[in-house]
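Inspection log for the structure reproduced underneath, given as C-alpha cells.
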Amino acid sequence: MSYTERILARGENVPAVRKLWDVAVQLPIVGNALHGIAHRILSPGQRLWVFVRYSEFSRASAWHTIEPRYEGGHYGTHEPPVQKLLFTHLKLGNCFYDIGAHTGFFTVLAAALVGSNGSVVAVEPDRRNASLLRETIARNSLSSKVAVVEQALSSCEGDLRVCQRGVRPELEHRHEQDGAA
C-alpha cells in the first residue's frame, strides 16, 4: 500500500473527516476541485478497503472495498431507505436474497441482521464484482453464512450475453460473459 493509499484509508475511517468530505464535495467549486485532486492522485480502478459503520444499524460494521474516485460517499450512508427497510423486516434466522449484490454492501448488512442461524444468497452476474463480493465476504468472515451465485437472473428462461462497457472514459473496457439466465 502506497503512502497516499494509507493516508486516504486512514482519513476515510475517521468520522470527522468523513463528515467534512461529505459536506465539501457538495459545494460546487470545492467539490469539483476535490474530485479533480482524487482523480489525479488515484489511478483508475484503484480500490481501498475501508471500515464502514452502517447508518441505520449502528451495531453493524464491516470492511468494504471502494473505489474512492467514484464511491467516496460509501461510508455506511449508502441508500438509507433500503437500510431502514432491511433493518425493519429482516429478523434473526431469515434468509435474504441480494439480487445484483455488486460488492456486497447490503449482503454484509443482511448477514448481520439475520444472525448466525440465518443465511444470505448474493447474486451478481459481473465477474469483477463477484470477485470483489467474495473478497468482501471473506474479509468479514462471512463465508459460512453467505453464498455467492455468479449468474444473471431473469423472468425468462434462456441464454444471454452480459456485456459491460466502461461508463468512465478513462476506464473504457468491454468484457463479455456467456451464461444461462
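The figures follow:
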read-out	value
Every pair of residues 6+ apart whose Cβ atoms lie under 7 Å, when the first sits in region 99-113 and is in contact (Cβ under 8 Å) with a residue 24 or more places away in the chain while the second is charged (D, E, K, R) and surrounded by 24 or more Cβ atoms within 10 Å (Cβ to Cβ)	Gly100/Glu124; Ala101/Glu124; His102/Glu124; Phe106/Asp98; Thr107/Asp98; Ala110/Asp98
Residues (among the small types (Gly, Ala, Ser) and more than 14 Å from Val52 (Cβ to Cβ)) located in region 77-109	Gly93, Gly100, Ala101
Residue list for region 100-137, restricted to those being surrounded by fewer than 24 Cβ atoms within 10 Å (Cβ to Cβ) and part of a loop (DSSP other than H, G, I, E, B)	Gly100, His102, Gly115, Ser116, Asn117, Gly118, Pro125, Asp126
Residues located in region 37-93, provided they are modelled with pLDDT of 80 or more, more than 16 Å from Thr136 (Cβ to Cβ) and surrounded by 14 or more Cβ atoms within 10 Å (Cβ to Cβ)	Gln83, Leu86, Phe87, Leu90
Members of region 36-60 found to be free of Cβ contacts under 8 Å to residues at least 12 places away in the same chain and outside any loop (DSSP other than H, G, I, E, B), listed by number	Gly36, Ile37, Arg40
Some residue of region 25-32 being within 23 Å of Pro80 (Cβ to Cβ), in contact with a Leu (Cβ under 6 Å, 6 or more places away or on another chain) and surrounded by 13 or more Cβ atoms within 10 Å (Cβ to Cβ)	yes
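The values are calculated or read from the model by the stated rules, or taken from the named source; none is laboratory data. Note that the structure is a prediction, hence the values are computed from the model and not measured. As a convention, Cβ positions derive from the backbone with ideal geometry for all residues, glycine included, and neighbour counts pool all protein chains shown.
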